[in-house]
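These notes concern the structure reproduced below.
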């Protein structure tokens with residue numbers, strides 16, 4: 001496999017690793033928020049001051065959860081998405097170039113037609129491989145973005 005294809009596949013794999021890291025952080029933040037929410041909601045204020053303090057704690061915790069969802073999930077997730085979109089775009093550009101070159105090679109004639117035919121077939125296959133990389137990038141991006149959105153929403157809603 002060519003250097004460019006390996007680079008493109010490496011980019012997709014790196015984004016997947018980064019996505020898993022973000023998922024692990026998100027899961028940990030959600031577990032922490034759930035434990036905190038359980039604790040704060042189990043407090044029963046006896047008088048108005050206690051109830052107000054509990055409501056303030058819930059409000060402050062909700063704000064913290066929303067900030068964490070943005071800084072720990074949404075923003076890094078958007079960076080991963082941008083990287084995967086760029087990889088997909090580049091791979092599609094490479095595929096299009098390979099297909100154009102395959103067409104040019106197929107047009108070789110005379111004594112060179114056998115060479116052109118073989119080259120055209122090889123370039124077509126290479127173009128298809130680039131398209132597969134782009135497809136894998138798009139699929140991974142869609143899966144990760146859905147997971148990031150779910151994790152962020154869960155965290156944001158932990159306190160009400």
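The values are calculated or read from the model by the stated rules, or taken from the named source; none is laboratory data. Model, not experiment: these values are computed from the prediction. Counting neighbours? That spans all protein chains shown, and the Cβs are built from the backbone with ideal geometry, glycine included.
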Given the condition within 27 Å of the chain's Cα centre (by Cα), crowded, with 16+ Cβ neighbours inside 10 Å and modelled with pLDDT of 90 or more, answer yes or no: does some residue in segment 106-127 qualify?
yes
Within segment 1-36, considering residues that are touching a residue at least 40 places away in the same chain (Cβ under 8 Å) and within 30 Å of residue 55 (Cβ to Cβ), the one surrounded by the most Cβ atoms within 10 Å (Cβ to Cβ)
26
Which of the residues that make up segment 139-151 are surrounded by 16 or more Cβ atoms within 10 Å (Cβ to Cβ) and over 9 Å from the mean Cα position of the chain (by Cα)?
151
Within segment 102-111, residues in contact with a helix residue (DSSP H, G or I) (Cβ under 9 Å, 6 or more places away or on another chain) and either part of a helix (DSSP H, G or I) or in contact (Cβ under 8 Å) with a residue 60 or more places away in the chain (or both) come out as 102, 103, 104, 105, 106
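Residues are listed down the side, and each one gets a yes or a no for (1) in a loop (DSSP other than H, G, I, E, B); (2) touching a residue at least 60 places away in the same chain (Cβ under 8 Å):
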{"position": "50", "(1), (2)": "no, no"}
{"position": "73", "(1), (2)": "no, yes"}
{"position": "100", "(1), (2)": "no, no"}
{"position": "117", "(1), (2)": "no, no"}
{"position": "127", "(1), (2)": "no, no"}
{"position": "131", "(1), (2)": "no, no"}
{"position": "159", "(1), (2)": "yes, yes"}
Subset of segment 37-58 (residues that are surrounded by 11 or more Cβ atoms within 10 Å (Cβ to Cβ) and either modelled with pLDDT of 95 or more or over 16 Å from residue 157 (Cα atoms) (or both))
43, 45, 50, 51, 52, 53, 54
